[in-house]
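Working notes, structure below.
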Amino acid sequence: MQLRLMKWVSLLMVLSLLLAACAGASVPAAPAASSDAAQPAAGGAAAALTGSSADRAVEAAKPYAGITLNVTWESGLQAQDPLLFSGPKWEELTGIKINVVEVSFPELYSKAVAEHLVGTGAYDVINYSPAWTGDLAESGVLEPLDEYITKYGAELDDVLPTYRGLMYWKGVNYGLFDDGDTFVMYYRKDWFDDQANQDEFKAKFGHDLVVPTTWQEWDEACQFFTEKLSADGSYGCGIQRAEGQAYLWFMDHFRANGGKFFDDAMGATINDEIGVQSLTEMVNSNQFMPPGIEKWGFIEILSAWMDGKLGMIITWPPIGRWSAGYGTDTEQLSWVPKNQIAGKVGYAVPPGGHPELAGGFNLGVSADSQNKDAAYLFVQWLQSPEISAERVKLQYALRDPYREAHFNDEGYKSLWPEAPQYLETLRKGAETGVHDLGIPGAREYEEALDRAVTSAYAGGDPQEALDKAAAEWNAITERIGMDVQKTAYDEWVSSRAPNVYPE
Amino acid sequence: MAFPNVTINKRTTFSQSRRSQWWEHNLRYVFVLPTVLMILGLSLFPLLYSLWVSFLQWDLQRPQTRFIGFKNYADVLRDVRMWEALGHTLFIIVVAVAVELLLGLLLAQTLSGNLPGKRFIMPLLLLPVVMAPLIVGYTWRMLWDTQYGPINQVLGWLIGRPVELVWLANPRTVYPAILITEIWQWTPFMFLILLAGLAAVNPELYEAAAMDGASAWQLFRQITLPLVWPVMALAILFRALDVFKIFDIIFSLTGGGPGSQTETASLYVYILGFKNFRLGYTAAMAYLLIILVSVVITLLWRQLGREQTR
């Protein structure tokens with residue numbers, strides 16, 4: 001009897017261990033409604049397309065109440081929006097819980113791909129940079145959204161034309177655009193308006209001190225302020241030069257100077273005369289920036305700028321809001337250095353006139369999601385005119401205006417005295433800006449370029465650095481496939497014109 | 001393993017009796033089975049699977065996954081960036097392990113006696129080892145900061161004028177910065193192992209040699225070194241293997257920059273595998289590195305063994 005009992009106990013133990021090892025994460029049961037986008041829900045599209053896109057999304061999502069959507073979002077401030085505002089609000093309206101999976105910016109790509117490769121279905125909604133659309137679409141990570149858009153009626157008409165194209169790959173929509181990133185030049189109005197500065201500058205350079213529209217004017221103004229103020233710890237200008245994102249400032253500088261990434265035969269041309277000239281200009285500019293600028297990232301620039309130690313910076317839109325003191329008293333922004341510059345900041349399109357539309361975000365649906373309809377509906381609701389208008393005004397969040405309505409929003413314009421000029425500058429930047437390279441392998445091309453740029457900052461020869469990067473670019477093109485890349489590049493250039501190469 | 005003494009009912013049929021015997025004989029294996037399956041699943045399967053992957057063209061950027069034989073291996077051997085990364089890694093191994101050994105030995109020698117305050121010094125010395133290398137890297141990144149870092153500040157006080165060295169972006173200073181960080185963290189490990197080795201040396205040997213008039217150098221050269229050598233060889237091997245995998249400190253301090261001047265083999269493998277998703281190629285590179293390390297370590301071990309025999 002004892003032996004028999006032992007047998008059963010041991011068998012049960014082994015089985016339970018095996019079951020525990022094999023059991024996957026429990027997947028919530030799909031609601032009764034169809035999750036197949038190709039099959040319109042009962043009632044048909046016509047019945048669904050009443051009210052606003054946000055209302056439609058909420059109504060269509062209600063049958064999914066009780067499920068949880070796993071949503072990737074860039075960690076830190078970006079994630080405060082779904083954690084504190086949109087996630088709870090969506091749950092209140094629909095009963096669908098939002099689980100925010102916070103990951104660093106580069107991991108938004110790598111984690112989405114890794115989960116797709118093993119088919120876990122871990123994510124339902126994917127935040128991604130529009131520059132990765134080609135990669136994510138070609139590798140099957142993203143669900144095509146056209147049928148969902150038709151079925152549930154997203155409102156995309158007033159997304160600025162510059163940004164609208166970023167939602168598509170080979171004519172198919174893979175994500176709704178959600179963040180109007182563009183580089184903006186911020187400058188100290190009080191420094192530029194000061195009569196003593198004006199007179200001294202004119203005496204030194206022979207012409208007026210103006211808000212720079214060319215890189216030469218930028219360098220002169222930067223040199224002037226640095227020479228005058230560096231003894232007190234202030235400098236004329238600062239731009240993020242640390243590895244990782246340094247290539248972004250090369251990409252707009254290069255194209256504003258007339259450069260192109262590839263020739264007609266798809267050979268890399270970043271190392272041509274314009275490339276070398278652009279990189280040389282950037283290296284030369286560094287000498288007027290704070291010591292150690294080669295390792296300055298976003299935080300270092302932000303800290304020095306908010307502390308009043310820099311005369312000009314070129315960076316993303318949120319710094320403009322914080323410079324005016326908007327939101328800096330919230331708990332989420334308590335880490336931002338104390339604002340010494342509110343009311344003293346001017347906004348302008350960066351020198352060259354064609355700022356990098358650096359980054360941005362699309363909201364896509366994972367092809368492996370078990371709840372694609374619900375995931376799409378959350379995306380449509382987030383990006384709808386009324387909800388997005390609230391989200392771009394959240395004090396602590398980082399989403400930037402991208403709809404006509406956002407730029408014309410009287411509520412936004414009244415948030416601080418200079419808000420109308422700020423919005424106007426963002427709009428100009430969006431209209432004249434240039435997109436990140438958006439072909440398959442974009443991240444590999446950018447990484448090679450980043451290494452070339454930082455190598456030149458460290459004292460390397462710009463020509464040599466760019467030659468090496470160009471050789472790597474050609475190897476990447478060769479590996480992925482010359483014809484594939486040529487087709488993708490040609491389509492990218494033609495579909496995004498004039499925001500690829502300024503005319 | 002002892003089992004309870006079980007009495008089998010005489011009325012039990014022959015087949016029941018055989019089943020009971022089977023259970024009695026194999027119960028131990030049933031208990032062990034889950035662990036064995038887990039070990040196979042977690043280590044052997046990935047190892048064999050990655051070997052298979054290394055023969056595939058499996059690349060996120062290329063739609064078809066197909067068998068390509070040894071092409072990935074041939075491509076890795078022609079990859080200039082891989083050889084550069086390997087060169088950077090070997091340089092760090094040679095310098096860091098040598099300095100760590102020297103400093104570790106000095107510390108162990110110093111603290112092997114009855115030094116006052118030894119009880120307090122020892123735990124303090126061991127603190128860096130228990131810190132996560134990533135935390136160490138980010139902490140030192142702040143220390144090396146050009147404008148706000150205390151290292152430039154202290155140097156400035158010493159020489160009487162501001163120091164604005166861009167430690168982590170200057171090709172001339174970036175390696176010293178990496179090496180100092182690495183050595184700061186891992187010297188205590190070397191020290192601990194060597195201290196254990198020194199403690200095992202019979203003090204009577206020193207007393208006898210001292211009575212014969214041996215100098216301090218002779219004591220070290222003729223007694224300490226030969227007796228501690230087996231432990232020292234092991235410590236060198238451990239550290240060399242560990243530094244070969246160096247990733248966290250490079251990742252947090254320089255990200256492999258400026259350019260790719262401090263990119264190590266592990267960092268390069270990470271970039272290829274987890275950023276660019278060139279899975280077949282990365283697997284082939286990982287296997288080649290394993291082969292290389294195994295060969296080098298075997299040769300080194302034999303050499304160290306010969307030294308010991310002498």
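For this structure, a couple of remarks:
- Given A:344/A:393; A:111/A:295; A:89/A:151; A:151/A:413, the pairs whose alpha carbons are separated by over 25 Å: A:111/A:295; A:151/A:413
- Relative contact order for chain B: 28 percent, from Cα pairs under 8 Å spaced at least 6 residues apart, divided by residue count.
- For peptides A:487-499, A:135-147, sequence by mean Cβ density within 10 Å, most packed first: A:135-147, A:487-499
- Ordering A:206, A:377, A:364 by Cα displacement along the dipole of chain A toward the positive end leaves A:377 in first place; charges were set at the Cβ atoms of Lys, Arg (+1) and Asp, Glu (-1).
- Under 16 Å from the residue A:287 label point (7 Å along Cα→beta-carbon), backbone N, the stretch A:437-467: A:457-462
- Each of residue A:92 and residue A:474 was given a label point 7 Å from its Cα along the Cα-to-Cβ line. The distance between the two points is 6.0 nm.
- Percent antiparallel among DSSP beta bridges (both partners in the protein assembly as shown, rounded to 5): 65
- Highest-first arrangement of B:100-106, A:450-456, where packing means the average Cβ count within 10 Å: A:450-456, B:100-106
- Approximate spin-label separation residue B:199-residue B:47, in nm, with each point projected 7 Å along Cα-to-Cβ: 3.3
- Expressed in units of 2.2 N^0.38 Å, where N is the residue count, the Cα radius of gyration of the stretch A:286-433 is 1.17.
- Inter-chain shielding of B:55-63 (mean C-beta neighbours from other protein chains, 10 Å cut-off): 5
- The eigenvalues of the Cα gyration tensor, multiplied by 5 and square-rooted, give the stretch A:372-503 an equivalent ellipsoid with semi-axes of 36, 21, 15 Å from largest to smallest.
- Taking every alpha-carbon pair under 8 Å whose residues sit at least 6 apart, the stretch A:418-500 reaches a relative contact order of 40 percent.
- Computed from the C-beta positions of residue B:37 and residue A:482 and an R0 of 35 Å, the FRET efficiency is 0.15 to the nearest 0.05.
- The stretch B:86-106 versus the stretch A:240-265: alpha-carbon centroid distance in Å: 39
- Stokes-Einstein D in µm²/s, Kirkwood radius over Cα pairs - the stretch B:170-310 at 25 °C with 0.890 mPa s viscosity: 135
- Near the amide H of residue A:236, within less than 5 Å, lie the amide hydrogens of A:226, A:311, all on another chain or at least 5 residues away, with H placed in the peptide plane.
- Shielding value for A:103-109 is 1, the average number of Cβ atoms from other chains within 10 Å of each residue's Cβ.
- At the listed q of 0.07, 0.11 Å⁻¹, the Debye profile of chain B, built from one uniform point per Cα, gives log10 I(q)/I(0) equal to -0.47, -0.91.
- Inter-chain Cβ neighbour count for B:271-277, averaged per residue, equals 5 (cutoff 10 Å, partner chain atoms only).
- Span-rule helices in chain B, defined as complete DSSP H runs reaching 18 Å or more along the axis (Cα) with Kyte mean at least 0.5: B:80-111, B:118-130, B:174-199, B:225-244, B:279-309
- Debye equation applied to the C-alpha atoms of chain A, log10 I(q)/I(0) at 0.06, 0.08 Å⁻¹: -0.32, -0.54
- Label-to-label distance, nm, for residues given as residue B:215 and residue B:29 (7 Å Cα→Cβ offset): 6.7
- The dipole here belongs to chain B: it is taken about the Cα centre, uses +1 on the Cβ of Lys and Arg and -1 on the Cβ of Asp and Glu, and is about 1220 debye.
- Under a model in which nothing but the beta-carbon of Lys, Arg (+1) and Asp, Glu (-1) is charged, chain A shows a dipole of about 1520 debye around its Cα centre.
- Pairwise FRET efficiency - residue B:80 versus residue B:110, Cβ, R0 = 35 Å, nearest 0.05: 0.20
- Per-residue packing, averaged as other Cβ atoms within 10 Å, sorts the ranges A:418-431, B:256-269 into the order B:256-269, A:418-431, beginning with the highest.
- One Cα centroid belongs to the stretch A:90-121, the other to the stretch B:151-184; the line between them spans 41 Å.
- Helix-only CD estimate at 222 nm, as mean residue ellipticity for the protein assembly as shown, using -39500 (n - 2.57) per DSSP H run (n ≥ 4): -17000 deg cm²/dmol
- Two-site FRET efficiency, residue A:195 against residue A:493, from Cβ-Cβ distance with R₀ of 41 Å, rounded to 0.05: 0.30
- ³J(HN,Hα), Karplus 6.51/-1.76/1.60, whole Hz, each residue of the stretch A:412-422, x for Gly, Pro: 5, 5, 9, 5, 8, x, 8, 4, x, 5, 4
Any read-out appearing in this document is the output of simple, stated calculations on the displayed coordinates, not a laboratory observation. Computed from a predicted model, the values in this text were never measured in an experiment. Heads up, the Cβs are rebuilt from the backbone with ideal geometry, glycines too, and the neighbour counts pull from every protein chain shown.
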